[in-house]
Number of protein chains: 2
Amino acid sequence: MTDKTQKKTDLMSEAERDAYHAEKMKKKKAARDKILATKTEERGLLIVHTGKGKGKSTAAFGMVFRAIGHGFNVGVVQFVKGKWGTGERDILEKFPDQVTIKAMGEGFTWDVADRQRDLAAARAAWETAKAMIVDERYKMVLLDELNICLRYDYLPIEEVVETLRNKPHDTHVIVTGRNGKDELIEIADLVTEMTEIKHPFRAGVKAQAGIEF
Amino acid sequence: MTDKTQKKTDLMSEAERDAYHAEKMKKKKAARDKILATKTEERGLLIVHTGKGKGKSTAAFGMVFRAIGHGFNVGVVQFVKGKWGTGERDILEKFPDQVTIKAMGEGFTWDVADRQRDLAAARAAWETAKAMIVDERYKMVLLDELNICLRYDYLPIEEVVETLRNKPHDTHVIVTGRNGKDELIEIADLVTEMTEIKHPFRAGVKAQAGIEF
């Protein structure tokens, strides 16, 4: 609400505010209906969640559940092992008929910092991902933290772009991770950047069950 | 990766790159461990998902599932009815022992645009939310689209801030919706802004099951 609108409604009686609101909403609805009428295509989307804020994997995880709720089959490849907590895994495993989870990225951690092992892990995860993407039994494929592999050049961006460009028409693919590459953003249909405005670590609060894992 | 780093590693042999990477990751890990050691507090957080991009409710929905996976009870109040699709509801209803969903905001839509009805709906939803927040059986309470009620001044921000400030110590409360008010951001522990970089509507693609609902 702009300051101008604020002032305008402040001077109104309740009845005037009601009428003003009804008129405003009617206009909004008309504008929205007009836009929606032009949206007729239905196809699988390439979705990217990037940015430094929280919620990239969590929103993807929410989409996976929504897809399960619709009765779809979903494939999940975790490019970084251990990124998901027991909460996520325990609940996804309650839907074994609909969800296939491949936890790859073995050793892709700061604890080992073995680049050759990371390269091999990224390659293995990507081969699994490719097989899932072309398998039309999956309506949605989540490539969790693929962006980190691309950032460290563990996989050639050209190969990834090529595969995603040629994905089956109806399959939704979600890619998460900070530092999403321009080449990926370029070919994506839906890109959301999660920006951190405030983080509890700053106040000395530790990672907690249900929030971070 | 900065351009400088890129150039640096480009000139290296594979073995040199491996060593460089190992050293860099070791430093990162040390820095991270040092930070984590100072994070000792555990408490319920006030979390806000705002911004114009997608993923605000979906990330909250993902957190609800993660909490369910941990065995917690979760309360959900939908301040705008019909915002959630059948996918979400169908799957949440598979966990009746752990999730309580209150779909409020009856009539809070552009189709009716009846301000008095919206005011009454917002008040009823808020009373339900308050009861859930103080009920310590709930480890997490999601107030979906509360921000829209605050934006239209359907609820006094002072009352909402007062309640959230005094929530039980261990309860996580998540508030979603664009245009999150400054007063709310101010008292929140974790605030993420979802920014729209690219949206499929622009390319004429319509809302689809599993993505929008």
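The values are calculated or read from the model by the stated rules, or taken from the named source; none is laboratory data. Bear in mind the structure is a predicted one, so any value in this text is a computation, not a measurement. Because the Cβ atoms are built from the backbone with ideal geometry, glycine has one as well, and the counts that use them run over all protein chains shown. Keep in mind that these areas ignore ligands, DNA and RNA; they rest on the heavy atoms of the full protein, side chains included. Shrake-Rupley method; radii C 1.70, N 1.55, O 1.52, S 1.80 Å.
At-a-glance table
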| quantity | calculated |
| --- | --- |
| Filter result for A:D189 (open to solvent by less than 50 Å² (accessible area, probe 1.4 Å), in contact with a His (Cβ under 9 Å, 6 or more places away or on another chain), among the charged types (D, E, K, R) and under 18 Å from A:V48 (Cα atoms)) | yes |
| Some residue of the stretch B:159-166 being at pLDDT 95 or above and within 8 Å of chain A (Cβ to nearest Cβ) | no |
| Any chance B:L184 is surrounded by 19 or more Cβ atoms within 10 Å (Cβ to Cβ) and in contact with a helix residue (DSSP H, G or I) (Cβ under 6 Å, 6 or more places away or on another chain) | no |
| Residue match in the stretch A:144-155 (condition: basic (K, R) and within 14 Å of chain B (Cβ to nearest Cβ)) | yes |
| Search result, residues across the stretch B:16-52 that are modelled with pLDDT under 90 and among the small types (G, A, S) | B:A19, B:A22, B:A30, B:A31, B:A37 |
| Strands (runs of 3 or more DSSP E) wholly inside the stretch B:1-104 containing at least 1 residues that are free of Cβ contacts under 8 Å to residues at least 40 places away in the same chain, open to solvent by 60 Å² or more (accessible area, probe 1.4 Å) and more than 8 Å from chain A (Cβ to nearest Cβ) | B:99-103 |
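For every residue, the table says whether it meets (1) open to solvent by 30 Å² or more (accessible area, probe 1.4 Å); (2) more than 18 Å from the chain's Cα centre (by Cα); (3) modelled with pLDDT of 95 or more.
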site: A:I133; (1), (2), (3): no, no, yes
site: A:M140; (1), (2), (3): no, no, yes
site: A:I148; (1), (2), (3): yes, no, no
site: A:P168; (1), (2), (3): no, yes, yes
site: A:H172; (1), (2), (3): no, no, yes
